[in-house]
Amino acid sequence: MNEHAQRISATGAPIGIATGGRLTLSCPQTSAALEALTLRGCTDTRPHVSIVKGAGGTAYRITLLKLNSDAFTELLSGPTVAVVIEPTTSLLPEVRSRHLEDIYGLTPAEIEIASGLAAGLSLREIALANSVSYETIRTQLKSIYSKTQVNSQAALVSLLMR
């Protein structure tokens, strides 16, 4: 675990290191996916992505990715899986958030959606992270488009990055 991962873990993220250095995940589905990816002979190379709530209700996107290695290395060391943990909280600076609220009249929920899109989250991931339905997120996105006078997610992200 690098320093950043240790800080995230200390703030209540749904990960930890057990005795013996083994990675623990609080989400049973993500933990099962990690176990499957680390089995010798596992040929599934698709990434596993999940949204998991940590302590305090903060949502995190956890991505598990099996790394390619030669057969000899895998035989000696076993499969290698990268675990990427990212908070799904607002990634827009406070000043930018206030700007979006003042100039475009976006609500805090709409700013959260726009921030999620800017962070690369899908609408379904944003819905999971905010504990609302996918249709609610779609409705709010339409409102964001209307307020910002854009008509696509790409155009919205472009506007947010200016």
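Does Pro108 satisfy the criteria of being under 25 Å from the mean Cα position of the chain (by Cα), within 17 Å of Leu156 (Cβ to Cβ) and either modelled with pLDDT under 80 or not charged (D, E, K, R) (or both)? So Pro108 passes the test. The helices (runs of 4 or more DSSP H) falling completely within the range 69-158 that include 2 or more residues that are surrounded by 15 or more Cβ atoms within 10 Å (Cβ to Cβ) and out of contact with any Pro (no Cβ under 7 Å at 6 or more places or on another chain) map to 94-104, 108-118, 123-130, 134-148.
Among the residues of the range 23-66, none is identified as acidic (Asp, Glu) and within 15 Å of Thr88 (Cβ to Cβ).
Summed over the range 88-105, residues that are among the hydrophobic types (A, V, I, L, M, F, W, C) and at pLDDT 80 or above total 2.
So that you can scan it fast, the table gives a plain yes or no per residue for (1) without any contact (Cβ under 8 Å) to a residue 24 or more places away in the chain; (2) within 30 Å of Val132 (Cβ to Cβ); (3) out of contact with any helix residue (DSSP H, G or I) (no Cβ under 7 Å at 6 or more places or on another chain); (4) among the aromatic types (Phe, Trp, Tyr):
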{"position": "Arg46", "(1), (2), (3), (4)": "yes, yes, yes, no"}
{"position": "Gly56", "(1), (2), (3), (4)": "no, yes, yes, no"}
{"position": "Leu64", "(1), (2), (3), (4)": "no, yes, no, no"}
{"position": "Ile85", "(1), (2), (3), (4)": "no, yes, no, no"}
{"position": "Thr88", "(1), (2), (3), (4)": "no, yes, no, no"}
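Meeting the requirement of 1 or more residues that are crowded, with 17+ Cβ neighbours inside 10 Å and at pLDDT below 80, the strands (runs of 3 or more DSSP E) wholly within the range 3-67 are 48-53, 59-67.
The values are calculated or read from the model by the stated rules, or taken from the named source; none is laboratory data. Since the model is a prediction, treat every value here as computed from it, not as a measurement. Positions of Cβ are backbone-derived with ideal geometry, glycine not excepted, and every protein chain shown enters the neighbour counts.
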